[in-house]
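Colleague: Take this structure first; my questions come after.
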Amino acid sequence: MTEMESDQSRVRAQLMETQQRLQDVLASTAMFVWSASATGKMLYCSDSVVKVFGLSAQAMMDEPLAWVPLVHPDDMAMVRSMASQETTGRTAELNYRIMGPQGHYRDIHSFVRIRRDEQQRVQSFDGVTIDVSDRAEAERALREKRDLYDGLLGLVPDAVVVHRHGRILYTNLGTLALFGIADDVSPVGRSILDFIHSDHRRMVRNYYRSVASRKEDTGEVLAREFIATRADGREFHAETLSRAVLFQGETAVISVIKDVSERKHAEMELRHMAYHDALTGLPNRRHFAESLKALTQASSTVRGEVGLLLIDMDRFKNLNDTYGHPFGDHALRQMVTRLRAALPAGCTLYRIGGDEFAVLCETGSSAQAIAERLLEPFTVPLVLDDVEFFTSPSIGVALFPVHGDDGDLLLKHADLAMYEAKGLGGNRCVVFRSEREAQLERRLQLEVELRRALERQEFRLCVQPKLDLCTRHVAAVEALVRWQHADGRVTLPSEFIGVMEDTDMIVELGEWVLHEACAMARAWQERGYAPLIISVNVSPRQFQLRNMHAVIASVLASSGLEPQWLAIEITEGLLIHNSTEIARTLMQIRELGVSVAIDDFGTGYSSLRYLQLFNPNILKIDQSFVAEMLTKPSYLTIVKAIINLAHNLGMIVVAEGVETVAQAKALRKHGCEYGQGYLFGEPMPGEDFLHAFLEPSPASLSPAAGRPTRVSTDG
Ligand code: C2E
Ligand code: MG
Ligand code: MG
C-alpha cells in the first residue's frame, strides 16, 4: 500500500467512526437528520426518524411523501409554503404538528436549509427535525399557570405583595386599591414598611424576617395584625398572612394583606359591652375581677402595694323603693360623677353591683386618704327632680399584700371592713385589720383606758358572801373588784386583770382593793355589825413587785382593821415561782394573824409539798369541780379527796360556785365547812350586802346588833 493509499484509508476509517458516533447520538434522541430533493423525495433519513414519525428510514425513502398525511391539517399550508420561503443564507425554522405513533399530535420543530441554484430554484433540502412535544407541553402549562395566577391575583380585593428584604418586587391590582396608590405609580421597588404605621414598623419587620427565614417548601404561613397607612395617610387595621416563596430564583416573602377594620371595631365594641356597665359607663364587675387579679399577680413580683376600696351607698335601697328605679338610676349617675371627680389619677372606679362600687389604687399607702376623700362630696345633698336627698358611702379598705396576698382574700377583707363601716352607721371608711392587729389594737386601747380608769378612780368593790354550810350563817365575804365606767357600763375582772398584771398596774389596783376592803370591813364593825372576815384576791405579780408582808401590815395599820378579819386569796400559780422567798413572806403574813387561802384549788399545778411549805389555812375548791360534782362521779371523788386532804393538813374548806341546794347539801355531807356561790348571793355592793344579809344595826350598841342572818339552804 502506497503512503497515499494508507493515508486515504485512515481518513476513511476516521470518517466512518465519526459517522457511527453521530448515528449513535441520533438514535438515542427524538431527532432525525434528513435530505430531500427539490420534489420532496427523501434522499437520506437517519434511523431515529422512527422515534419521531413512527416510520422507518427505509419507508421514508421508498415512499417519498409517506409523512405528509401525518401532518396536522391546520399546519399543512405552512409546511407546503416552506419551499417558497425567502431564506437565503440562513436556516428556516418551522413548528407544526404531526400525528405521532401513539395516536395523538406531537409538536415538531424543524431546522431546514434550502439549497438553490443561480436562478433561485430549489435544488434540495437538508434538515434536522426534533420532537419538542415535552418542552412545548411544559411551556404551555407554565403559560396557563401564569395566566391563571395573573387572572386570580387581579380578581382578589386583598393586596398580594411579593417582597424581599422589605423591597416590593410584585403587587397585584388589589394592592393599589387597598393602599390608595394611583394606577400609574408602581409600588415595585418601594419599601413595604412605607405602608405600615410607624409604631408597628419594627414589629412587622421582625415578622417578615421570621417569615423569610422559613424554608419555602414547608409552606408555613404566619399571620400578624398591624395598623397600615394608606398613601393618603389614612390608617386601617390590617391582617396579613405571609409565607416564604421562590421568586426569580431567590427566597422572597409573599404576603396577603386585608383590611379588617370593621371586624376590629365590632370586636372592640363587643369587648367594651362585655366589660362595661351600660348605665354608668364604668368598667363592670368582670372588668374589676380581671384587673384585681392582674394587679395582685403583678404586684407580687414587680409592683408595690395595691389598695382596694369597696363602696356601698347608704340608704340607696330606700331611694329606689320610694321614688322608683328610673329615679334611682339618675341618682346613681350623679353619685358616680361625684366619686369620679374625687378620685386622683392612678385609681380606677368600677361598678360591681347595684349600688356597689370598687376602686383599685395602684399605690396602697394612700388608699385610706383616698377613701376619706370620697366621703367629702356626699356632705352636699343630691338634687333630682326637685327632690333633695342625702346618701353617703360606706367604704371598706384592704391593702395588698398585707391584708391578703391574693385577690380573693383581699376582696373578702375589704368586704368585712365595708360591713364594719355599715355597722358603725355608714358614711365612713374602715381599714381592714387582721385578727392579730385587731387584738393588739384592742389590748393597747384597753391599757390606755385602764390607766385612765385608775386615775379617774372608776373601780368599785363588790362583796360575795361565804356561808357556813351547817349553820347557814354568813361567815365571811370575798371582795371582788368591778370596773364601773363613767357611762354606767360594768366590766368584770376577767377582762382586765390579765392586762393589769402584764403592765404592773395590778400593783396599784391591788393595793387600792386591799385598802378599800379593809376600810369597808372596819367601817361595818364601827357601824355595829358583827365582825366578818373579808378576803382579798392578791395577784402573784404583787408578790413579785412588792413586799406584801409590809404592804398588808401598813394597810391594816392605816385602816385600823384587826388582822384576824383579813384573809388573802392566792392562786396556785404563785407557789411555783421562787418558792422559798414566797414561803417566807406568806409565813410572815400568817404571823401577822392574817389568813391565807388557796384559790381555785385543783386547776393549777400545786403539789402537796408546796401546800405544806406555804401553810395556808383555807382551801377553796374551784367552781369547775362543784359545777359537775353531782353529774360526774369522778368529780365527786375529786371533791371528797380535796376535802379530806385539806382536813388532814389542818385547813378549812370553802366550795366556790355553789349554785344549787343539792350541791350545798352534798358538800355539807362530805364535810365541807363553807360555801360561796349564786345560791347564796352574787357579788354585790357592800351596802346591798348589809341590807340583804345583816340585820340593821341599831344606833346604840345592843347585844343583838349585826347578828348575821341565817340563810335558808333547804330550798
Ligand atoms: P375568784 O377569786 O375565783 O372569784 C370568784 C369568781 O366566781 C367571781 O367572779 C364570782 O363572781 C364568780 N362566782 C361566784 N359565785 C358563782 C357561781 O355560783 N357561779 C359562777 N359561775 N360564778 C360564780 P369575778 O368577780 O368575775 O372575778 C373573777 C376573778 O377575777 C376572781 O376569781 C379573781 O381571780 C379575779 N379578781 C377579782 N377581783 C380581784 C382583785 O381585786 N384582785 C385580783 N388580783 N384579782 C381579782
Ligand atoms: Mg377569789
Ligand atoms: Mg376562785
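Colleague: For the structure I just gave you, tell me whether Glu437 is more than 16 Å from ligand 3 (Cβ to nearest atom), acidic (Asp, Glu) and either open to solvent by 50 Å² or more (accessible area, probe 1.4 Å) or modelled with pLDDT of 95 or more (or both).
Modeller: When the stated conditions are applied, Glu437 passes them.
Colleague: Looking only at segment 520-563, count every residue that is out of contact with any helix residue (DSSP H, G or I) (no Cβ under 6 Å at 6 or more places or on another chain), over 30 Å from Glu695 (Cβ atoms), polar (S, T, N, Q) and within 14 Å of ligand 1 (Cβ to nearest atom) and tell me the total.
Modeller: Matching residues across segment 520-563 total 1.
Colleague: Out of the residues in segment 632-666 that are part of a loop (DSSP other than H, G, I, E, B), away from ligand 1 (no atom under 13 Å from the Cβ) and of a type in the set (A, V, I, L, M), which is surrounded by the most Cβ atoms within 10 Å (Cβ to Cβ)?
Modeller: That would be Met651.
Colleague: Follow-up. Cβ-Cβ below 6 Å, separation at least six or inter-chain, first residue in segment 609-620 and more than 10 Å from Ala583 (Cα to Cα), second open to solvent by 40 Å² or more (accessible area, probe 1.4 Å) and within 16 Å of ligand 2 (Cβ to nearest atom): which pairs?
Modeller: The qualifying pairs are Ile618/Ile652.
Colleague: So, in segment 614-631, of the ones that are part of a loop (DSSP other than H, G, I, E, B) and either open to solvent by less than 50 Å² (accessible area, probe 1.4 Å) or of a type in the set (Val, Ile, Thr) (or both), which residue ends up farthest from ligand 1 (Cβ to nearest atom)?
Modeller: Asn617
Colleague: When you scan segment 474-495, how many residues do you find that are within 16 Å of ligand 2 (Cβ to nearest atom), among the hydrophobic types (A, V, I, L, M, F, W, C) and either in a strand (DSSP E or B) or in contact with a helix residue (DSSP H, G or I) (Cβ under 6 Å, 6 or more places away or on another chain) (or both)?
Modeller: Count: 6.
Colleague: Ok, one more. Could you tell me how many of the residues in segment 502-517 are crowded, with 18+ Cβ neighbours inside 10 Å and either outside the structural domain of Ser559 (by TED's automatic domain parsing) or farther than 15 Å from Met548 by Cα (or both)?
Modeller: 3
Colleague: Can I ask one more? Keeping to segment 440-459, report how many residues are farther than 18 Å from Ile506 by Cβ and either among the charged types (D, E, K, R) or surrounded by 16 or more Cβ atoms within 10 Å (Cβ to Cβ) (or both).
Modeller: Here the count works out to 2.
Colleague: Which one is farthest from ligand 1 (Cβ to nearest atom), of the residues in segment 592-613 that are modelled with pLDDT of 90 or more and over 60 Å from the mean Cα position of the chain (by Cα)?
Modeller: Here the answer is Gly593.
For every residue, the table says whether it meets (1) surrounded by 11 or more Cβ atoms within 10 Å (Cβ to Cβ); (2) under 15 Å from Ala231 (Cβ atoms); (3) β-branched (Val, Ile, Thr).
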site	(1), (2), (3)
Val161	yes, yes, yes
Ile168	yes, yes, yes
Asp183	no, yes, no
Phe195	yes, yes, no
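Colleague: Would you be able to say whether some residue in segment 376-399 is out of contact with any strand residue (DSSP E or B) (no Cβ under 6 Å at 6 or more places or on another chain), surrounded by fewer than 21 Cβ atoms within 10 Å (Cβ to Cβ) and more than 25 Å from Gly328 (Cβ to Cβ)?
Modeller: Within segment 376-399, not a single residue is out of contact with any strand residue (DSSP E or B) (no Cβ under 6 Å at 6 or more places or on another chain), surrounded by fewer than 21 Cβ atoms within 10 Å (Cβ to Cβ) and more than 25 Å from Gly328 (Cβ to Cβ).
Colleague: Among the residues of segment 664-674, is there at least one that is under 21 Å from Lys632 (Cα atoms) and within 14 Å of ligand 3 (Cβ to nearest atom)?
Modeller: No - not one qualifying residue is present in segment 664-674.
The values are calculated or read from the model by the stated rules, or taken from the named source; none is laboratory data. Computed from a predicted model, the values in this text were never measured in an experiment. Using ideal geometry, Cβ is built from the backbone for each residue, glycine included, and neighbour counts are taken over all protein chains shown. What goes into the accessible areas is simple: the full protein's heavy atoms, side chains included, and nothing from ligands, DNA or RNA. Shrake-Rupley method; radii C 1.70, N 1.55, O 1.52, S 1.80 Å.
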